[in-house]
Every structure is written in C-alpha cells, then in structure tokens.
1. If I model a spin label as a point 7 Å beyond the Cα along the Cα-Cβ vector, how far apart are those points for V87 and S35 in nm?
2. Taking 41 Å as R0, compute the FRET efficiency from the Cβ-Cβ separation of F2 and R23 and round it to 0.05.
3. For the chain, set up a GNM with springs between Cα atoms under 10 Å and report which of I131, I59, I38 has the largest fluctuation.
4. Can you count the Lys pairs in segment 17-127 whose Cα atoms are under 21 Å apart, with each pair 8 or more apart or on different chains?
5. Test of the criteria: in segment 49-81, which trypsin sites (Lys or Arg not before Pro) are in a DSSP loop and have at most 14 other Cβ atoms within 10 angstrom of their Cβ?
6. Just the Cα atoms of the chain, one point each, no solvent: what log10 I(q)/I(0) does Debye give at q = 0.17, 0.18 Å⁻¹?
7. Could you give each residue of segment 43-56 its phi-based ³J(HN,Hα) in whole Hz, using Karplus coefficients 6.51, -1.76, 1.60 with θ = phi - 60°, and x for Gly or Pro?
8. With a cut-off of at most 13 other beta carbons within 10 Å, and DSSP calling the residue loop, which chymotrypsin sites (Phe, Trp or Tyr not before Pro) in segment 79-160 qualify? Please list them.
Amino acid sequence: MFDRQHLNGFWDHFRQVHGITLRTIERLPADKLDSRPIQNMRTPRELIAHLYGTIVRAIPEGVVRGEIKPEDDKEIVARMKTKDDLVRFVNESWSAGDKAAAAITDANLLGAVKTPWGFDMPGSMCMGVVIDEFFHHRGQLYAYLRQLGGEPPMMWDFEHNAAEFQPKAPQTA
C-alpha cells in the first residue's frame, strides 16, 4: 500500500529531482521558449506550463481536495511573458505542490479523487501519475534543451542543486 510513509520518501526524492529540473529550465535559451524544437510537440513554455501547472501543483492539491482541477495551460502560458516569469511560475508551482504534498494524509491516499480525465482514481494512484508524468515530461525537456544547443545537467547530480533541493543529511540515532 502506498501510504504517507511511502509518500514522504518519494517526495524527498522528487524534491531533489525538481532541483535538477529547475536547473535544466534555467538553461533554456530565453529567445527559444516559443520554438518547436521537436515538430508537433509543445513549445518549451507550453511544456513547462503543463509540467508544473498540472503535474507538480494541481495533482497534489487535488489529492488533498478530492478533485484535480488544473488551470488551463494556455492561460498559464499567456502569463509567462519572459523567462523570469517562467522561472517564477515554476518556483511558485513547486511551493504550492510541496505544501499540498505535505498535507496529504493516508485517508487522502486511499480516498477517491475526481479527475479531469473522466474517471475517479485513488489518491495514491494520482501521486503515481505525478511520478510517471513528471519523468516523461522531464525527458522531453532534456531533449528540447539539447535540440536548442544546450546541455542538461546530469540527471542524478543532486549535489549541485540549490541547498533546498540537495540530499538531506543522513539521520543518526
């Protein structure tokens, strides 16, 4: 069973992964955020709106609330006029998603969550969607950055994250 204890371990790892993803986003060229580095796929700005608006923020908030209500990606994109706006959105979304994840209880994980996809899911399954979707879209982001001439950070380079996203010191008894 995926319970609060498992969520704590997952979310700590996810916090570190987010730090690397943030570094990847910061490496995107500001003048290429609306380009299509891969034909027929989202732009970097659209991908980040979806990744952080729905996956990082709306799903954990929805697990707490009992219903996932993501904001429309197009509305998010319209507000992200500059790269600074985009990075600010990512940071705000992370903070909101992190706060929601901290509030998730075992009852939330067991309970049904109404989704925008036309069916209900247990909260634990919704948090599984966070894992699957985040890593899928992070892979896209890495491919985008490479196509735009950049080099993403090594995907396990947690030690070079900002302090709040580095591995926690092992606890001693």
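None of the figures in this text is laboratory data; all of them are computed from the coordinates on show. Predicted, not measured: the structure shown is a model, and the values here were computed from it. Note that we place each Cβ from the backbone using ideal geometry, even for glycine, and neighbour counts take in every protein chain shown.
1. 1.9 nm
2. Details: r = 28 Å, r/R0 = 0.69.
It comes out at approximately 0.90.
3. I38
4. Numbers: K32/K74; K32/K81; K32/K83; K69/K99; K69/K114; K74/K83; K99/K114.
Taking the Cα cut-off of 21 Å, the pair count is 7.
5. Working: sites: R57, R65, K74, R79, K81; in loops: K81.
Loop-located and lightly packed - K81.
6. Values returned for q = 0.17, 0.18 Å⁻¹ are -1.06, -1.17.
7. So the J values, rounded to whole Hz, are 6, x, 5, 5, 4, 5, 4, 5, 4, 8, x, 8, 6, 7.
8. Working: sites: F89, W94, W117, F119, F134, F135, Y142, Y144, W156, F158; in loops: W117, F119, W156.
Here the sparse-neighbourhood loop sites are W117, F119, W156.
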